[in-house]
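Heads up, the thing below is written out as structure tokens.
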Amino acid sequence: MRDIWTMVWKEWREFRDQLLSLRRGGLSALILALILGVVAPVQLGPDWVNSKLVIGYWPFLAATMVSSLIADSVAGERERHTLETLLASRLSDSAILIGKIIAAVIYGVGFAVVNLLIGLVAVNVTHGEGGLILFDAQRLVVTIVLTILASLLMAGIGVFISLRAATVKQAQQAFGIAIIVITMGPLLLFNALEYETREKLIARLAAVGETRIEVYVVTALLVMSTIVIGAALARFRRGKLVLD
Amino acid sequence: MPRRCGPSFASFGAETSLVAASSDFAIRADNITRDFGPVRALDRLSLEVPTGIVFGFLGPNGAGKTTAIRVFLGLIDATGGRAEVLGLDTRRDGAAIRSRCGALLEHPGLYERLSAGDNLDFYGRAWRVPRRVRQERIRELLTRFGLWDRRDDPVGRWSRGMKQKLAVARAVLHRPDLVFLDEPTSGLDPVATAGLREDLAALAAHEGVTVFLTTHNLNEAERLCGQVGVIRGGRLLAVGSPESLRSRRDSGRVDIVARGLTETIVTSLRARPEVHSVTVHDCRLTISLSSGASIAPIVAWLVQNDVGIEEVRQVRATLEDAFLELMSVDSNGAGTPEDASRDA
């Protein structure tokens, strides 16, 4: 566990320097935070808090933030010639890999939570009218759990791809394709079904109930994340990484 | 052997329970072979590196030096043969080996966005050096290498020489038992090379660590190394002290500066049984003697033939001469791995 945190510490030092530098990404993060944390909540008002879309919005935002840097995780070390030295250290395979995943998840979830809090303040300041506008507690918990799991899945996929990519650019391209397949695939499959089958599925989902759907989604994300991270760990071979 | 100046921080790592009993040899390789598809990068390499010395591994580009380091660090497996580093099997105990070694590999491997302090802090944490000890050690090393004043600058802004020094500092930060330095002065200008070489010599003497240094800078190897091995095409051609390798080339070469040399005298000299070959440049004769022959009778004969002798000097070959000779012998197909054991 201590080695994993050592790795997280290093990754965060690099993120920090990146975020503090406006030229290297700090400015885009700042603009995004301004739009998502201030402009959108002020425009939408209480709907920004009460809408059911919140459940999908924050996980999507966190996953997007993770995806913006995870392709760099291993391919970037390879490209900048730091990978072999890292592999020659006493850190274990799992410490290196899990450390990189956790650092990216903290970044994505942290960004989402900070924006959520800023947004909450913005909504209350502009639309509070004397009372407090707050998220529904259960929905907030589910949202945060989904945000963590979506980030974890995204980080797992990103690291898995980054392990074998020769360059960051190559990793980003492969990652982009993987994300399109993962997000568009189910939609295309759904559209390919017969009209009656689609109607039946929608009716069945509606009958299941919101809470149970949330449980299904959480379970599915957890299973997929476990599989992807397990596959990445199996793919982490020092001998191959050194020679790639 | 120089004494160590502090405790080995490797003992803070969890893997140290695996460490085997101490050995007289930091590295023992027995017939290791490594193939990359049809290319044989290491060819039956057998080598013993005693503990506490600076060992120079010399060879041209593509000779197999980096591959050997990767095998010794347990980063890649040998295709055949067996190697032990610090008494640990490279195939089985890679993690334990890495926990007791430091390495500066082909590239400095520094995080250029981070400061020097953060780079060293990260690797200190990775080796579980306790916080206070880590901070003291970072200060000590950065001061020794003249980098302390720039410790907070991002490493990306540094010169190549400074980066190499920092990478060496990182390699020894946790006081490893064995340090691999893969061409540490490669790409540096002569002034930076000389500076780093001095730092390495001082470091090796001060830390008492075994250093496995690969280089094709023979001057560097001659000045730093207690023993050297010469590798080409994955095969070890020779191993021994720089002196012993030079003496291969030294045997029986004598320079004579003389007046009154004639064509007849040179021809007569060439015909003598104890003379292997003679070359003449102006008034300088270079005589290569046959095995076991002495120069004294030849000098006496020259004096008898009215040649004025001004200087007689045994030619001291440099390590570079010995190296180039080994390379030419090998490229003629005469070198075999067995030669290495003879030299050893």
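The values are calculated or read from the model by the stated rules, or taken from the named source; none is laboratory data. Since the structure is predicted, the reported quantities are computational estimates derived from the model, not experimental observations. Positions of Cβ are generated from backbone atoms using ideal geometry, with glycine treated the same way; all protein chains shown enter the neighbour counts. Side chains are part of the model used for accessible areas, which takes the heavy atoms of the whole protein and leaves out ligands, DNA and RNA. Shrake-Rupley method; radii C 1.70, N 1.55, O 1.52, S 1.80 Å.
Brief remarks on what is shown
- The single condition from (1) touching a residue at least 60 places away in the same chain (Cβ under 8 Å); (2) within 12 Å of chain B (Cβ to nearest Cβ); (3) open to solvent by less than 30 Å² (accessible area, probe 1.4 Å) that residue A:12 fails is (3).
One line per residue, one yes/no per condition, for (1) away from chain B (no Cβ under 14 Å); (2) more than 25 Å from residue A:177 (Cα to Cα); (3) within 10 Å of the chain's Cα centre (by Cα):
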position	(1), (2), (3)
A:86	no, yes, no
A:103	no, no, no
A:115	yes, yes, no
A:121	yes, yes, no
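- The combined condition, being more than 14 Å from chain B (Cβ to nearest Cβ), open to solvent by less than 10 Å² (accessible area, probe 1.4 Å) and assigned to a helix (DSSP H, G or I), is not fulfilled by residue A:96.
- Taken as a whole, the stretch A:69-90 holds at least one residue that is surrounded by 18 or more Cβ atoms within 10 Å (Cβ to Cβ), over 30 Å from residue B:99 (Cβ atoms) and out of contact with any His (no Cβ under 6 Å at 6 or more places or on another chain).
- Residue identified as under 15 Å from the mean Cα position of the chain (by Cα) and within 23 Å of residue A:87 (Cα to Cα) among A:236, A:160: A:160
- Close pairs (6 angstrom Cβ cut-off, 6 or more residues apart or separate chains): more than 16 Å from residue A:162 (Cβ to Cβ) in the stretch A:92-110, part of a helix (DSSP H, G or I) anywhere: A:95/A:3; A:95/A:4; A:95/A:7; A:109/A:62; A:109/A:147; A:109/A:148; A:109/A:151
- Screening the stretch B:270-344 for helices (runs of 4 or more DSSP H) wholly inside it with 3 or more residues that are open to solvent by 40 Å² or more (accessible area, probe 1.4 Å), under 19 Å from residue B:256 (Cα atoms) and modelled with pLDDT of 90 or more returns the ranges B:296-304.
- Subset of the stretch A:46-59 [touching a helix residue (DSSP H, G or I) at 6+ places or on another chain (Cβ under 7 Å), open to solvent by 20 Å² or more (accessible area, probe 1.4 Å) and over 12 Å from residue A:139 (Cα atoms)]: A:46
- Wholly within the stretch A:121-226, helices (runs of 4 or more DSSP H) carrying at least 1 residues that are touching a residue at least 12 places away in the same chain (Cβ under 8 Å) and crowded, with 17+ Cβ neighbours inside 10 Å: A:137-164, A:168-192
- All positions within the stretch B:140-185 that are closer than 18 Å to residue B:102 by Cβ and of a type in the set (D, E, K, R): B:140, B:144, B:163, B:165, B:170, B:175, B:177, B:182, B:183
- Set B:103, B:95, B:83: member being facing chain A (nearest Cβ under 8 Å) and surrounded by 24 or more Cβ atoms within 10 Å (Cβ to Cβ): B:103
- Condition broken by residue B:120, with the remaining ones in (1) facing chain A (nearest Cβ under 9 Å); (2) crowded, with 21+ Cβ neighbours inside 10 Å; (3) under 26 Å from the mean Cα position of the chain (by Cα) satisfied: (1)
- Here residue B:74 meets each of (1) within 14 Å of chain A (Cβ to nearest Cβ); (2) crowded, with 16+ Cβ neighbours inside 10 Å; (3) in contact (Cβ under 8 Å) with a residue 60 or more places away in the chain; (4) not basic (Lys, Arg) with one exception, condition (3).
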